[in-house]
Amino acid sequence: MSSKDEMVRLFDYCEWANHRFLDAVAPLDDEAFARDLKGSHGGIRGTLVHTFGAEWIWHQRFLGVSPSALPAESAITGVAVLRERWAALEAERHAWLAALEPEAGERVIQYRNLKGDAFSGRLWPLVQHVANHGSYHRGQVAVFLRQLGMKPPATDLVAFDRERG
């Protein structure tokens, strides 16, 4: 499997897992969705908005742009808005991935973090970071759902692979 194929697989996994969590939180009322559950990003909304924002900012960096801020949580008022924003990002990412050469994962990406510090790294490990970051925060949302008496979706990578055949 080429690095491009591996990157496509990981982003497909992220989308699959994100969709499962968006479906799981959709029944929540606005108060429960926004409730501060004392996590690193508050609660469900804060954590999912942060996860989306991180995917968005890394996509921008992969395109050669280093934004100075993440999307504001206050601009994403509900699950429907978050789902729309994520769908737009997914469409952009699909087009970007389709245009990549097979060994694009070896490409070195230059970027700045939110503090303005300069960094560089190979694309493939950075994509792995994005996927790992999302898994970490979806795990936090799973705990929040349990705190609210709900069952979180199963989103293990092996379950994704099994489902895909």
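Shape of the range 65-158 from its Cα gyration tensor (a ≥ b ≥ c, root eigenvalues): rounded if a/c is under 1.5, otherwise prolate when a/b > b/c, or oblate? Prolate, since a/c reaches 1.5 and a/b exceeds b/c. Average accessible surface for the range 65-165: 58 Å² per residue, computed with a 1.4 Å probe over protein heavy atoms with every protein chain in place. Between the listed residues Val79, His133, Gly105, the Cα displaced farthest toward the positive end of the dipole of the chain, a dipole computed from Cβ unit charges relative to the Cα centre, is found at His133. Here the Kirkwood formula, the inverse mean of 1/r across different C-alpha pairs, assigns the chain a hydrodynamic radius of 16.5 Å. Under the convention that each Lys and Arg Cβ holds +1 and each Asp and Glu Cβ holds -1, the size of the dipole of the range 61-165 around its Cα centre is about 300 debye. Compare Leu22, Leu37, Leu100 in a GNM of the chain, Cα atoms joined below 10 Å, and give the one with the largest fluctuation. Taking springs between Cα atoms under 10 Å, the residue moving most is Leu100. When only Cα pairs below 8 angstrom with a gap of at least 6 residues are kept, the chain shows a relative contact order of 32 percent. A 1.4 Å probe, protein heavy atoms only, puts the accessible area of Val25 near 0 Å². For the pair the range 28-66 / the range 69-142, the C-alpha centres are spaced 11 Å from each other. Is the shape of the range 106-165 rounded, prolate or oblate, going by the alpha carbon gyration tensor and its root eigenvalues a ≥ b ≥ c, with a/c under 1.5 for rounded and a/b larger than b/c for prolate? Oblate, because a/c is 1.5 or more while a/b does not exceed b/c.
In the context of the full protein assembly, Trp124 retains an accessible surface of approximately 40 Å², using a probe radius of 1.4 Å and ignoring ligands and nucleic acids.
Basic side chains Lys and Arg get +1 at the Cβ, acidic Asp and Glu get -1 at the Cβ, and with that the dipole of the range 1-61 about its Cα centre reaches some 220 debye.
The values are calculated or read from the model by the stated rules, or taken from the named source; none is laboratory data. Model, not experiment: these values are computed from the prediction. Because the Cβ atoms are built from the backbone with ideal geometry, glycine has one as well, and the counts that use them run over all protein chains shown. Surface areas here come from the heavy atoms of the whole protein model, side chains and all, with no ligands, DNA or RNA. Shrake-Rupley method; radii C 1.70, N 1.55, O 1.52, S 1.80 Å.
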